[in-house]
Amino acid sequence: MPLTKSTSVHLQREARRLLRAQIALKDVRYKELAHALERIGVFEEPKALTNKINRGTPLD
């Protein structure tokens, strides 16, 4: 499947949905997620994670 703008939007929405579902299932708080991401070298504030996940913005 070629990566068109509509495909990209669809993939972003699906990724956001899956991520939010896993956060809810595992009862993880954004602060805990931020600490877990720091351990693998991704530095994001919990509030920034919340905003990016809700918007579907990729992490830097």
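Values quoted throughout were computed directly from the atomic coordinates according to the rules given, and no laboratory measurement underlies them. What you see is a predicted model; the values in this text were computed from it and never measured. Positions of Cβ are generated from backbone atoms using ideal geometry, with glycine treated the same way; all protein chains shown enter the neighbour counts.
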Number of positions in region 2-30 that are part of a helix (DSSP H, G or I) and touching a Leu at 6+ places or on another chain (Cβ under 9 Å): 3
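Here is a yes/no grid of residues against (1) of a type in the set (D, E, K, R); (2) surrounded by fewer than 11 Cβ atoms within 10 Å (Cβ to Cβ):
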position: Leu19; (1), (2): no, no
position: Glu32; (1), (2): yes, no
position: Arg39; (1), (2): yes, yes
position: Val42; (1), (2): no, no
position: Lys52; (1), (2): yes, no
